[in-house]
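These notes concern the structure reproduced below.
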Amino acid sequence: MNAASAAPAPRAPRQPRAARSPAPPLPEFAKLDQAHRAALEMLEAFDRLIAHLDDRGLDDTARASAREILDFFNGPGRDHHAQEEAQVFPVLLASGDAELVQHVHRLQQDHGWLDEDWHELSPQIEGIAAGYNWYDLAMLRNALPIYTALHHEHIALEETVVYPAAKRAREALDAGEKARTA
């Protein structure tokens, strides 16, 4: 019998792995994409609010629009960034792909800048929502294009580079899990 046809030596049984808490699942990307659509809609509503204030001044329509914008960027918009930071970015930062890590760091920086910009804008929007006429329309007119452009750039990077990479990472994790349990 030659060495090529010899049967492999029996393997010792594998030792069980230590129990550990499960990693948080990657989020549903459809929900993340929907949050992007909602953010873009709110930015358009913000632009319409400024035009409305310019044309008609502060009225019930402006107050309702301001309340909707405020509620989104203080709630689901902020929650969306927290979800990305907790569930999407960590696996990509651990990937070892230098370019991908650089993109994620940029997105993290964007989150900080978007938050900083919102802290500047939100008191104005709160005042409009409350019916106060001390808001600074010129400041809003100047700040909104910057805030909007950053959102658009941020979303484009996430949807074209980061989310596809995170989806691939999820598929690889799922495939590895299936292989281990098979």
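Any read-out appearing in this document is the output of simple, stated calculations on the displayed coordinates, not a laboratory observation. Note that this is a predicted model, so its numbers are computed, not measured. Glycine gets a Cβ as well: all are built from the backbone with ideal geometry, and neighbour counts include every protein chain shown.
Please determine whether any residue of region 64-71 is under 23 Å from L157 (Cα atoms) and either free of Cβ contacts under 8 Å to residues at least 40 places away in the same chain or surrounded by 14 or more Cβ atoms within 10 Å (Cβ to Cβ) (or both). No, that holds for no residue. Is it the case that some residue within region 105-123 is assigned to a helix (DSSP H, G or I), free of Cβ contacts under 8 Å to residues at least 24 places away in the same chain and aliphatic (A, V, I, L, M)? So far as region 105-123 goes, no, none of its residues is assigned to a helix (DSSP H, G or I), free of Cβ contacts under 8 Å to residues at least 24 places away in the same chain and aliphatic (A, V, I, L, M). Taking the numbered list (1) over 16 Å from the mean Cα position of the chain (by Cα); (2) free of Cβ contacts under 8 Å to residues at least 40 places away in the same chain in turn, E126 passes all entries but (2).
Picking from residues in region 90-104 that are touching a residue at least 40 places away in the same chain (Cβ under 8 Å) and not in a loop (DSSP other than H, G, I, E, B), the one that is nearest to H119 (Cα to Cα) is V104.
For (1) among the small types (G, A, S); (2) exposed (fewer than 12 other Cβ atoms within 10 Å of the Cβ), each residue gets a yes or a no:
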{"position": "E126", "(1), (2)": "no, no"}
{"position": "R141", "(1), (2)": "no, no"}
{"position": "E153", "(1), (2)": "no, no"}
{"position": "A156", "(1), (2)": "yes, yes"}
{"position": "E159", "(1), (2)": "no, no"}
{"position": "A165", "(1), (2)": "yes, no"}
{"position": "A169", "(1), (2)": "yes, no"}
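Looking across region 133-182, the residues that are of a type in the set (S, T, Y) and without any contact (Cβ under 8 Å) to a residue 60 or more places away in the chain come down to T160, T181. For region 133-182, taking the residues that are polar (S, T, N, Q) and in a helix (DSSP H, G or I), the one that is farthest from Q34 (Cα to Cα) is identified as T181.
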